[in-house]
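**Q** Attaching a single structure in structure tokens format; questions to follow.
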Amino acid sequence: MTALLEVRGLSAHYGVIHALQGVDLDVGGEQVVALFGRNGVGKTTLVSAVMGMLRPTSGSVRFDGRELAGAPPHVIARAGIGLVPQGRRVFAALTVEENLGIAARAAAGDRAWTRERVYDLLPRLADRRRNRGHQLSGGEQQMLAIGRALLGNPRLLLLDEPSDGLAPRIVDDIVEVLAELRAEGIPALLVEQNLGMALRLADVVAIMTKGQIVYRATAAEFRADPETARTLLGVA
Ligand code: ATP
């Protein structure tokens, strides 16, 4: 079976730093793939290279059979990959409504996701629609980043540390939303430092060390193997 997203031999550099050193990764089906790794191993770089924000130096990024390595971000977004970036990156001076409006305009073609549908999924955003980005809590900003990605009608979501800096109660809300999206059949690559959070969603676990994926297993296999978590991630 070919996966929706197939990354093969992906390499990327920052000047002389070889940040991705031949990454192989599949995401597809209705799966959530959790990507773990210590700080600085290249997780965000992988997300950037898949999204076209960093040009890979070699390798392949196939999405639904189409080669996208080296394509610019807007082409990759229109092909159906939605990004919820690290640090949320909402427009601080614009309202929720305006942030979503920009995302809706940027998306092309027939659309299943509308602002109203985003507000149905994320009612907190509907309450805050006239508030500006800088007036939102971290959790609300995260919801906005998710809503913005959905307006691009993604067939796959890349989420870079969505739980970062959020209180446990808010993390629960994020997990609930992501579980709903999975139930709708949107697979996801979930980069997380919060293993507990990610394992509530993940079907598959992949681990990066120094620019490569060195481990892939079902979430159940990963849970049953604490030695791997200890050795590769340094968690007890
Ligand atoms: P974290 O969990 O801390 O977000 P990460 O696994 O996402 O870490 P990356 O941010 O992808 O790791 O970084 C991978 C390597 O590339 C690190 O050595 C980092 O210092 C380096 N790096 C990342 N971004 C840049 C950049 N813009 N310029 C130069 N080097 C960079």
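We did not get these values from a lab; they are worked out from the coordinates using the rules stated. All values derive from a computational prediction rather than experimental measurement. All Cβ positions, even for glycine, are placed from backbone atoms using ideal geometry, and neighbour counts span all protein chains on display.
**Q** Using the Cα centre as the reference, give the magnitude of the dipole from point charges on the C-beta atoms of the stretch 3-233 (Lys, Arg: +1; Asp, Glu: -1; all else neutral), rounded to the nearest 20 debye.
**A** Dipole about the Cα centre, nearest 20: 660 debye.
**Q** Does the stretch 55-155 come out rounded, prolate or oblate, given a ≥ b ≥ c as the square roots of the eigenvalues of its C-alpha gyration tensor, rounded meaning a/c under 1.5 and, failing that, prolate meaning a/b above b/c? All intermediate terms of the calculation are to be shown ahead of the outcome.
**A** Values: a/c = 2.61, a/b = 1.81, b/c = 1.44.
Prolate, because a/c is 1.5 or more and a/b exceeds b/c.
**Q** Amide H to amide H, which residues 5 or more places from residue 158 or on other chains are under 5 Å from it, using H placed in the peptide plane?
**A** 82, 83, 84, 189
**Q** When the chain is modelled as a GNM with alpha-carbon springs shorter than 10 Å, which of 146, 81, 102 fluctuates the most?
**A** It is 102.
**Q** Now a separate question. Can you report the principal axis dimensions of the stretch 3-233 using only the alpha carbons, biggest first, rounded to whole angstrom?
**A** Projected onto its principal axes, the Cα set of the stretch 3-233 covers 46, 36, 32 Å.
**Q** Sticking with this structure for a sec: Please tell me the relative contact order of the stretch 1-92 in percent, rounded to the nearest whole number, where contacts are Cα pairs under 8 Å and at least six residues apart.
**A** Numbers: 136 pairs, mean separation 26.6, N = 92.
Relative contact order of the stretch 1-92: 29 percent.
**Q** Do the sum for the chain: with -39,500 (n - 2.57) for every DSSP H run of n ≥ 4, divided by all residues, what is the mean residue ellipticity at 222 nm, to the nearest 500 deg cm²/dmol?
**A** Values: 9 runs with 78 residues, N = 236.
After summing the helix terms and dividing by the residues of the chain, the value is -9000 deg cm²/dmol.
**Q** What number, in nm² with one decimal, is the all-direction average of the projected area of the convex hull of the alpha-carbon atoms of the stretch 144-232?
**A** On the way: hull surface 25.8 nm².
Directional mean of the projected Cα hull area for the stretch 144-232 stands at 6.4 nm².
**Q** Shifting gears a bit: Excluding residue 33 itself, what net charge comes from residues whose Cβ is under 9 Å from its Cβ, given Lys and Arg +1 and Asp and Glu -1?
**A** Numbers: positive: 216; negative: 26, 203.
Charge balance in the 9 Å sphere: -1.
**Q** While we're looking at this one, here's another question. Report for the chain the percent antiparallel among DSSP-assigned beta bridges with both residues inside it, nearest 5.
**A** Numbers: 22 of 38 bridges.
Here the antiparallel bridges make up roughly 60 percent for the chain.
**Q** If you don't mind, there's one more thing I want to ask. Taking the dipole about the Cα centre of the stretch 1-84, with the C-beta of Lys and Arg at +1 and of Asp and Glu at -1, give me whichever of 23, 81, 54 is farthest to the positive side.
**A** The one lying farthest along the dipole's positive direction is 54.
**Q** Please list the non-local residues whose amide H lies under 5 Å from the amide H of residue 19, H modeled 1.01 Å from N, same-chain partners needing a gap of 5 or more.
**A** The answer is 12, 13, 14.
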